[in-house]
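Novice: Take a look at the following structure, please.
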Amino acid sequence: VDTPRLRERQARAELALAMVDPRDLHELMAINRPPEALNLVLMAVSEILAGVDRDIGAQVSVMRRASFPWRSIVGLFHNRRALYTCRNLDVQYLPQRQVDRARKIRGRIEVGPEVLDRMSRSGAHFLRWLD
């Protein structure tokens, strides 16, 4: 169902991702011990990507069994394919199971994008995309 509210949310999500510069993703590689909120944001985005890209899904499946180690998550986002997949995501093809997993993780994030922006610019943009 295409509603004005849905179109507005989609436009905000597209804008948030447009602001993620692939070079910003390098900042994630420099973080050894991420704040929990940043880790959770990337876990939630990983779950969404797993629903639309088979190769990413296989990686996320392995990461899920290992409780999402930070280096593995960062490795996924260091690959520009993940950002490309986010930017070209068609939500109508997203499996409900992945949406539910991402929502569950999103519910554990207790900070907003403004706070997360002080920790990681790209993390804040991904959080805006999730919302």
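The values are calculated or read from the model by the stated rules, or taken from the named source; none is laboratory data. Keep in mind that what you see is a predicted model, and the values were worked out from it rather than measured. Don't worry about glycine lacking a Cβ; one is built from the backbone with ideal geometry, like all the others, and counts go over all protein chains shown. Ligands, DNA and RNA are excluded from the accessible area calculation, which covers all protein heavy atoms including side chains. Shrake-Rupley method; radii C 1.70, N 1.55, O 1.52, S 1.80 Å.
Novice: Take the range 50-63 and flag every residue that is in contact with a Lys or Arg (Cβ under 9 Å, 6 or more places away or on another chain) and open to solvent by 80 Å² or more (accessible area, probe 1.4 Å).
Specialist: To start, the set of residues in the range 50-63 that are in contact with a Lys or Arg (Cβ under 9 Å, 6 or more places away or on another chain) comprises 50-51, 53, 55-56.
Hit for the range 50-63 is Asp55, nothing else.
Novice: Further question on the same structure: How about the range 20-37: which of its residues are within 21 Å of Ile109 (Cα to Cα) and in a loop (DSSP other than H, G, I, E, B)?
Specialist: Val20, Ile31, Asn32, Arg33, Pro34, Pro35
Novice: Taking the range 24-38 as the search range and keeping residues that are closer than 11 Å to Gly123 by Cα and among the aliphatic types (A, V, I, L, M), which one is surrounded by the most Cβ atoms within 10 Å (Cβ to Cβ)?
Specialist: This residue is Leu38.
Novice: Within the range 100-131, how many residues are open to solvent by less than 40 Å² (accessible area, probe 1.4 Å), out of contact with any helix residue (DSSP H, G or I) (no Cβ under 7 Å at 6 or more places or on another chain) and at pLDDT below 90?
Specialist: Result for the range 100-131: 0.
Novice: So Ser122 passes all but one of these: (1) out of contact with any Gly (no Cβ under 6 Å at 6 or more places or on another chain); (2) over 18 Å from Arg12 (Cα atoms); (3) not in a loop (DSSP other than H, G, I, E, B). Which condition number does it fail?
Specialist: Answer for Ser122: the failing condition is (2).
Novice: Anything in the range 96-119 that is among the β-branched types (Val, Ile, Thr) and not in a loop (DSSP other than H, G, I, E, B)? List them, or say none.
Specialist: Answer for the range 96-119, where residues must be among the β-branched types (Val, Ile, Thr) and not in a loop (DSSP other than H, G, I, E, B): Val99, Ile105, Val115.
Novice: Which residues, counting only those in the range 50-65, are in contact (Cβ under 8 Å) with a residue 40 or more places away in the chain and part of a helix (DSSP H, G or I)?
Specialist: Here is the first cut: in the range 50-65, the ones in contact (Cβ under 8 Å) with a residue 40 or more places away in the chain are 50-52.
Scanning the range 50-65 gives a single hit, Ala50.
Novice: Evaluate the range 69-81: report whether one residue or more is over 13 Å from the mean Cα position of the chain (by Cα), at pLDDT 90 or above and surrounded by fewer than 14 Cβ atoms within 10 Å (Cβ to Cβ).
Specialist: Yes, some residue in the range 69-81 is over 13 Å from the mean Cα position of the chain (by Cα), at pLDDT 90 or above and surrounded by fewer than 14 Cβ atoms within 10 Å (Cβ to Cβ).
Novice: Additional query: For Phe68, are the conditions met, namely being assigned to a helix (DSSP H, G or I) and of a type in the set (Phe, Trp, Tyr)?
Specialist: no
Novice: Name the pairs: first residue in the range 11-26 and of a type in the set (Asp, Glu), second residue buried (at least 19 other Cβ atoms within 10 Å of the Cβ), Cβ to Cβ under 7 Å, at least 6 apart or on different chains?
Specialist: Filtered contacts from the range 11-26: Asp24/Ser122.
Novice: A follow-up question, please. State whether the residues of the range 19-26 include one that is of a type outside the set (Ser, Thr, Tyr), closer than 18 Å to Arg65 by Cβ and under 12 Å from the mean Cα position of the chain (by Cα).
Specialist: No - not one qualifying residue is present in the range 19-26.
Novice: Just need a number here: residues in the range 82-106 that are among the polar types (S, T, N, Q) and in contact (Cβ under 8 Å) with a residue 12 or more places away in the chain. Please lay out each step first, then the result.
Specialist: Within the range 82-106, the subset among the polar types (S, T, N, Q) is 85, 88, 92, 96, 98.
Narrowing the set further to residues that are in contact (Cβ under 8 Å) with a residue 12 or more places away in the chain leaves 85, 98.
Number satisfying all stated conditions: 2.
Novice: Here's a follow-up. Condition (residue is assigned to a loop (DSSP other than H, G, I, E, B), at pLDDT below 90 and open to solvent by 80 Å² or more (accessible area, probe 1.4 Å)) applied to the range 83-95: is it met by at least one residue?
Specialist: Checked the range 83-95: at least one residue is assigned to a loop (DSSP other than H, G, I, E, B), at pLDDT below 90 and open to solvent by 80 Å² or more (accessible area, probe 1.4 Å).
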